[in-house]
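Peer 1: Below is the structure I would like to discuss, written out as structure tokens.
Values in this text are rule-based calculations from the coordinates and carry no lab data. Not measured: the values here are computed from a predicted model. FYI the Cβ positions are ideal-geometry reconstructions off the backbone, even for glycines, and counts take in every protein chain you see.
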Amino acid sequence: MSLDIYLTGERVMSRDHSKPRSLVGERYNLGYWRNHCSLHDYIVEKVTTNIDDRREICLDETAIQQILKAIREATIQPSTEGFVGAYDPISKERDDAIFTDALQWLTETDEHASRFVVNSMSW
């Protein structure tokens with residue numbers, strides 16, 4: 001079994017009901033991990049209500065800062081126990097860079113849209 005974790009940035013624009021076709025949103029790939037169980041467990045346990053129901057999880061500025069703190073303090077460690085298949089080499093620096101970039105993207109001023117960072121996982 002493999003665990004894929006995706007971090008996406010979503011921009012949701014105001015709807016223009018006067019136009020039959022108009023752009024309402026955009027999705028950006030911000031990060032990807034394969035078999036990073038400790039990251040998955042941390043987000044489920046610390047950011048959500050500790051229920052792993054595989055729904056998308058919206059990460060606000062506070063949640064991302066909390067994850068960054070855990071990465072920097074080595075609370076989140078790479079792990080592949082119980083998983084079979086390709087392993088994406090995980091490094092503290094890479095995790096830090098992805099979430100730092102996501103935080104910067106989230107907090108950029110955007111007059112035309114609301115921004116969200118979303119974490120999704122698939123088994």
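Peer 1: As I understand it, the dipole of the chain uses +1 on the Cβ of Lys and Arg and -1 on the Cβ of Asp and Glu, about the Cα centre. Which of 18, 3, 39 lies farthest toward its positive end?
Peer 2: Result: 18, furthest along the dipole toward the positive end.
Peer 1: Applying a 10 Å radius around every beta-carbon, put 15-24, 36-45 in order of their mean neighbour count, most first.
Peer 2: The packing order, highest mean first, is 36-45, 15-24.
Peer 1: For the chain, state the semi-axes of the equivalent ellipsoid (square roots of 5 times the eigenvalues of the alpha-carbon gyration tensor), sorted largest first and rounded to whole angstrom.
Peer 2: 29, 16, 13
Peer 1: What relative contact order, as a whole-number percentage, does the chain give when Cα pairs under 8 Å and 6 or more residues apart are counted?
Peer 2: 43 percent
Peer 1: Go ahead and estimate [θ] at 222 nm for the chain from helices alone: -39,500 (n - 2.57) per DSSP H run with n ≥ 4, summed, over the residue count, rounded to 500.
Peer 2: Mean residue ellipticity, 222 nm, calculated: -8500 deg cm²/dmol.
Peer 1: How tilted is helix 92-107 with respect to the longest principal axis of the chain? Cα atoms for both, answer in degrees (0 to 90, nearest 10).
Peer 2: 20 degrees
Peer 1: Angle check, please: helix 61-72 long axis (alpha carbons) against the longest principal axis of the chain (alpha carbons), in degrees 0 to 90, nearest 10.
Peer 2: Taking Cα atoms only, the helix is inclined about 30 degrees.
Peer 1: Starting from the Cα of residue 114, move 7 Å in the Cα-to-Cβ direction to define the label point; list residues of segment 41-69 whose amide nitrogen is under 15 Å from there.
Peer 2: Backbone N within reach: 58-61.
Peer 1: Right, here's the next one. Calculate the dipole size of the chain relative to its Cα centre from +1 charges on Lys and Arg beta carbons and -1 charges on Asp and Glu beta carbons; express the result in debye to the nearest 20.
Peer 2: Rounded to the nearest 20 debye, it is 320 debye.
Peer 1: Now a separate question. What is the fewest-to-most order of 116, 99 by other Cβ atoms lying within 10 Å of their Cβ?
Peer 2: With the sparsest Cβ surroundings first, the list reads 116, 99.
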